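Take a look at the structure below.
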Amino acid sequence: MDSTAFFKLAYGLYVVTTRKGDWDNGMICNTVVQVANKPERLAVSINKSNWTHDVVKETGLMNVCALAESAPFDLFKRFGFQSGRNVEKFEGFPLARGANGLAMLTKDCTAVFELKVVSYTDLGTHGMFVCEVVDAKTVSDAPTMTYAYYHANVKPKPAAPAAAPSSEKKTRRWVCKICGYVYEGDELPADFECPWCKHPASDFEEVL
Ligand code: FE
């Protein structure tokens, strides 16, 4: 199997919100798709290691906010590079609430959906929730951000290496393929974990 074929699949980017007690949470997700229209059904697949997976399984509720191309990298760091288990990601962040009480973004968002889970399928690494659309609203006519747009325009690019005198030892640089974080040093430690997105050393490549 040619695993690079999977890179040819196109995705949008979304913030999936949940609420447990009075704890609001949101995560970045690219696996949201409308799978039926009478009645409307969205399928949302979530990695089982994400706290959101457990909260949705328990509460049966989530909101999906489609991100606009204007969404800044800080928004991805806030919702994507830390866990809602130990960080209240909506702390100090503007939000609206759906009729279900769950948070929704108020900007950098093109549409919001209030969802109620109707079925769950265990897919191994991920759990797939098929959801009833309780309510849906267009927030903006701006284009929805795709994964390709994020990689081309939002994710920071590694800066050009500074010109150094040839007698000096050249610093080696590795870039995280997931979020763009750059590590500098003599050698990338095998057990290195990206401080931004928590992906392992295997997701880094050396910048030559
Ligand atoms: Fe990273």
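For K20, the conditions (1) free of Cβ contacts under 8 Å to residues at least 40 places away in the same chain; (2) farther than 27 Å from G180 by Cα; (3) crowded, with 20+ Cβ neighbours inside 10 Å are fulfilled apart from (3). Exactly one residue among G180, G185 is more than 11 Å from the ligand (Cβ to nearest atom) and either over 26 Å from F7 (Cα atoms) or at pLDDT 80 or above (or both), and that residue is G185. Among the residues making up the stretch 31-60, those that are without any contact (Cβ under 8 Å) to a residue 60 or more places away in the chain and touching a Ser or Thr at 6+ places or on another chain (Cβ under 7 Å) are W51, T52, V55, T59. Scanning the stretch 52-98 for residues that are within 15 Å of the chain's Cα centre (by Cα), more than 16 Å from the ligand (Cβ to nearest atom) and assigned to a helix (DSSP H, G or I) gives T52, H53.
When only residues in the stretch 188-197 that are outside any strand (DSSP E or B) and open to solvent by 20 Å² or more (accessible area, probe 1.4 Å) count, which is nearest to the ligand (Cβ to nearest atom)? For the stretch 188-197, the residue satisfying everything is W196. Looking at (1) under 16 Å from the mean Cα position of the chain (by Cα); (2) under 29 Å from C176 (Cβ atoms), which one does M104 not meet, given that it meets all the others? Single failed check for M104: (2). Taken over the stretch 1-35, the criterion of being of a type in the set (K, R) and either under 13 Å from A148 (Cα atoms) or assigned to a loop (DSSP other than H, G, I, E, B) (or both) is satisfied by K8 alone.
No other residue among G101, G127 is more than 16 Å from the ligand (Cβ to nearest atom) and in contact with a helix residue (DSSP H, G or I) (Cβ under 6 Å, 6 or more places away or on another chain) apart from G127.
The values are calculated or read from the model by the stated rules, or taken from the named source; none is laboratory data. All of these numbers come straight from a predicted model, not from anything done at the bench. Cβ: placed from backbone, ideal geometry, glycine included. Neighbour counts: every protein chain shown. Surface areas here come from the heavy atoms of the whole protein model, side chains and all, with no ligands, DNA or RNA. Shrake-Rupley method; radii C 1.70, N 1.55, O 1.52, S 1.80 Å.
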